[in-house]
1. If I ask for residues that are touching a strand residue (DSSP E or B) at 6+ places or on another chain (Cβ under 9 Å), assigned to a loop (DSSP other than H, G, I, E, B) and within 11 Å of ligand 1 (Cβ to nearest atom), which ones from region 399-414 would you list?
2. Can you spot a residue in region 441-464 that is buried (at least 19 other Cβ atoms within 10 Å of the Cβ), in contact with a Lys or Arg (Cβ under 9 Å, 6 or more places away or on another chain) and of a type in the set (Ser, Thr, Tyr)?
3. Looking at the structure I just gave you, is Gln141 modelled with pLDDT under 85, surrounded by 14 or more Cβ atoms within 10 Å (Cβ to Cβ) and either within 16 Å of ligand 1 (Cβ to nearest atom) or in a loop (DSSP other than H, G, I, E, B) (or both)?
4. Could you say whether any residue in region 85-101 is outside the structural domain of Arg130 (by TED's automatic domain parsing) and in contact with a Phe, Trp or Tyr (Cβ under 6 Å, 6 or more places away or on another chain)?
5. What is the number of the single condition among (1) modelled with pLDDT of 90 or more; (2) more than 16 Å from ligand 1 (Cβ to nearest atom); (3) out of contact with any Lys or Arg (no Cβ under 6 Å at 6 or more places or on another chain) that Arg189 does not meet?
6. Just to be sure before I move on: is Arg211 under 24 Å from Ile59 (Cα atoms), over 20 Å from the mean Cα position of the chain (by Cα), surrounded by 14 or more Cβ atoms within 10 Å (Cβ to Cβ) and modelled with pLDDT of 80 or more in the structure I sent?
7. Out of the residues in region 29-68 meeting the condition of being part of a loop (DSSP other than H, G, I, E, B) and of a type in the set (A, V, I, L, M), tell me which one is surrounded by the fewest Cβ atoms within 10 Å (Cβ to Cβ).
8. Give me the residue from region 76-101 that is in a strand (DSSP E or B) and within 16 Å of ligand 2 (Cβ to nearest atom) and, out of that set, nearest to Ser182 (Cα to Cα).
Amino acid sequence: MSSLENAEDRAPVLSVRGVSKRFGVVQALDDVSLEVRHGEVLALVGENGAGKSTLVRIIEGVHQPDQGMLEAGGAPRAFRSPADAHALGIRVIHQEPDIIPDLSIAENLFLGDFRRVRGLFLDRRDLARRTRAMLAAFGLQDELSPWTRAGALGPAYRQLMEIMRALRSGVRLLALDEPTSSLTEDETRRLFDVVEQLRRDGVAIVYISHRMHEVMAIADRVAVLRDGRLVATRMTHEVGEAEIVQLMVGRPITELFDPSARSLGPVLLSVSGVTTRRVHDISFHVRAGEVVGLAGLVGAGRSELAEAIFGHDRAIAGSVAVAGKAVRLRSPADAIAAGIGFAPEDRKSQALLLLRSVKDNITLCVPDLISRFDFISGEDERSVAGALVERLRVRTPSLDQLVSKLSGGNQQKVVLGRWLARRPKVLILDEPTRGIDVGAKAEIYRLIAELAAEGMALLVISSEMPELLGLCDRLLVMTGGRIVADLARAEASEERILDLAMGNNLLRGERTMVA
Ligand SMILES: Nc1ncnc2c1ncn2[C@@H]1O[C@H](COP(=O)(O)OP(=O)(O)OP(=O)(O)O)[C@@H](O)[C@H]1O
Ligand SMILES: [Mg+2]
């Protein structure tokens, strides 16, 4: 207790005083005052669009406040650009990983230094050695090589790389904007160890997350934003998770999952012996009305399997049938024509039309994705889009707002909305609630249950164990590109799944050699 009270007395590294920020009609921040102190982890929570990312962008000098100011080291500061903030040791890890895909891991990590020495000479061996040391700190030395092209990495690895890069330069204040949204529990634990170490070294940490259990585990204090206003700051040990959620959403959250049993119809998706470069001999089926989960660690092949079923990745062997009819999958257009929908994990690059409106993104055909299909008639467009925007609580001033102007979580909801609007026979959702706030999560779970009740077959990939266990009738566990278990909901538990998924390590080595 006393040490935590001392934390209250600690000097602030940075003070935010009366900061407001408006984008057009949206008041993103409204008179926010907050201090971040040495050696504390301050969690910043709030619904999608509450203003969290805007606040850290102001702290980092990306945006300038309309009103109010920042204070550091007892003096007012005006950050005109991130360089000003970096000079004071303020670093932000952004929601959207910012790496250069064509450069190697080593080059991305040491970009600044590398530029400085490039004119003279580049000591590749030294660079490799330093990179390996950083990878080792995260336990990734066996999985990644310093010269791997960054663009070839999945989102989890890219996120980890960003974190490593920020840690590399001296930090006094580190803000992490949803750093774990694409990490597994294991990787999250590794990150927490690093954060813990930084806190002990006196670094001030601002931690943004929608995962309340993480916030409770890691934060000393929690600041709650709602509609751009700071509604509360609490010591973590003095509040419960439920209270924070209540402060965030301003209303009580009802049951997340509907435990009632579903009635299953005929097999809608049947996959037999599918093999690609990444997955081996995959067979399973999903019935009408059934929600099947794909569990596994990052790299287990879950997204690769989804992409193969959707025709992104050509299968070397095996077959896929929808409602008993064999499907030739040469492209996503074939899959869509056969009644398969897919909301991918990397929604930003794979799915969103950033320069189109919210309505267009929900209702329009995406040219290379669904060119052959016009699912929704013109008149229905606005009402379909409007209804989904309301249900998913997309925070947008209007249906005509550009998607690029929405907050990260609200962009996710829009892509999901597109597939929910289309109602295919089979819907594959890869990490459907990543970056989505608790209130909207409940709504997405309800929608998934509704779609199942209407007779859709759903395949859900998720790294959040409670989500899989709460949502799915059956769980397939993948490891090293293979399905190693098929569990009914009643036989599944977090421990059991993790145990099965961990078998991964052996097989993963084998896969790397094959690849
Ligand atoms: N450049 C911009 N132009 C217009 N509106 C913006 C811009 N940046 C943010 N906004 C709006 O400001 C509000 C706050 O956005 P912000 O990104 O800070 O939310 P957030 O709390 O980080 O949400 P999430 O949990 O979804 O990431 C949102 O309504 C968003 O649409
Ligand atoms: Mg954000």
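1. Answer for region 399-414, where residues must be touching a strand residue (DSSP E or B) at 6+ places or on another chain (Cβ under 9 Å), assigned to a loop (DSSP other than H, G, I, E, B) and within 11 Å of ligand 1 (Cβ to nearest atom): Gln401, Ser407.
2. yes
3. No.
4. Checking region 85-101: at least one residue is outside the structural domain of Arg130 (by TED's automatic domain parsing) and in contact with a Phe, Trp or Tyr (Cβ under 6 Å, 6 or more places away or on another chain).
5. The single condition Arg189 does not satisfy is (1).
6. Considered against the rule, which asks whether it is under 24 Å from Ile59 (Cα atoms), over 20 Å from the mean Cα position of the chain (by Cα), surrounded by 14 or more Cβ atoms within 10 Å (Cβ to Cβ) and modelled with pLDDT of 80 or more, Arg211 comes out as no.
7. Val62
8. Ile93
The values are calculated or read from the model by the stated rules, or taken from the named source; none is laboratory data. Bear in mind that the values here come from a model prediction, so they are computed numbers and not experimental data. Neighbour counts run over all protein chains shown; Cβ positions are idealised from the backbone, glycine included.
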